[in-house]
Amino acid sequence: MTQSGMRQLRLLSANIQAGSSTRRYSDYVTRSWSHAMPYGNKRGSLDAIAAMACEHDIVGLQEADPGSLRSGFTNQTHYLAEQGGFDYWSHQPNRSVGGVASSANGLLSKLEPVEVSDHALPGRISGRGVLMAHFGSGDEGLVVAVAHLSLGANSRRAQLAFIAELLTHHPHAVLMGDFNCVPDRPEMELLYTRTYLRPPTFCVPTFPSWRPQRAIDHILLSEGLAGVDARAIPAAFSDHLALAMSIAVPELALS
């Protein structure tokens, strides 16, 4: 039960791999065509993801196709918002490969954000970003950020330093997404020392989805928020499991 003056929100972070199917390492080669062509049961995968997402209040998406050839020119974030019953949605296209395949961060919300902004992240290779939604007013309001970080440690360090600067003055912050690293990597300390965000109390392996061994998808909370019931959930046939968590947020941070 949520204590007086607090509101419970159900969060979900999911790398949906544009609705493609990866069930074993060999699929990265044998099913590589699905990452560039509108074949396979992507619509069925999206419907399954929408059914999972609808049970949550705020959903952060990574690798959602914003409407290129491989998705049949479907904006997958918009589609999931409609199918999942979310009144508010936003997306941040980050990378396009000749119009054949594109990738975006996405946000689905049943709460109306006051403001949504997006920022390109630094890195050796461009095409990464962070999408931020503000709920409530001022620095005390709730901020939810969605990011997909680079594979390389040096690029991640620059990206985390950038995100830390965005969140440094927000005591009620959530940062969720595919970090491509475990939470105790040295570069992650930039978040813990420069913002109110804290390391997770325990890690939930999310990758690879068919035999999860690495905790590289995270929902990080500031010290002013309390999280419970962190768990991994299949995101259709993505190579990542989705990560769900319930959090208690001060009502004042939402007003």
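Quick notes on this structure:
- Inspection of segment 181-201 finds a residue satisfying the criterion of being at pLDDT below 95 and not in a strand (DSSP E or B).
- Count of segment 140-196 residues which are surrounded by fewer than 18 Cβ atoms within 10 Å (Cβ to Cβ), acidic (Asp, Glu) and closer than 25 Å to Leu111 by Cβ: 1
- Within segment 101-126, the set of residues being farther than 19 Å from Trp89 by Cα and either surrounded by 16 or more Cβ atoms within 10 Å (Cβ to Cβ) or among the acidic types (Asp, Glu) (or both) comprises Ala101, Leu121, Gly123.
- In the set Leu80, Leu61, Leu107, only one residue is in a helix (DSSP H, G or I), modelled with pLDDT of 95 or more and within 29 Å of Ser137 (Cβ to Cβ); that residue is Leu80.
- Residue pairs whose Cβ atoms lie under 8 Å apart, sitting 6 or more positions apart in sequence or on different chains, and linking a residue in segment 137-155 that is within 18 Å of Ile58 (Cα to Cα) and part of a strand (DSSP E or B) to a partner that is at pLDDT 95 or above and of a type in the set (Phe, Trp, Tyr), are Leu142/Phe135; Val143/Phe135; Val144/Phe135; Ala147/Phe179.
- Restricting the first member to segment 194-215 and to residues that are under 25 Å from Phe162 (Cα atoms) and aliphatic (A, V, I, L, M), and the second to residues that are at pLDDT 95 or above and not in a strand (DSSP E or B), the beta-carbon pairs closer than 8 Å and six or more apart or on different chains are Leu197/Leu167; Leu197/Leu191; Ala215/Val182; Ala215/Pro183; Ala215/Val204; Ala215/Pro205; Ala215/Thr206.
The values are calculated or read from the model by the stated rules, or taken from the named source; none is laboratory data. This one's a predicted model, so the numbers in the text were calculated from it and none came from an experiment. So basically every Cβ, Gly included, is an ideal-geometry build from the backbone, and we count neighbours across all protein chains shown.
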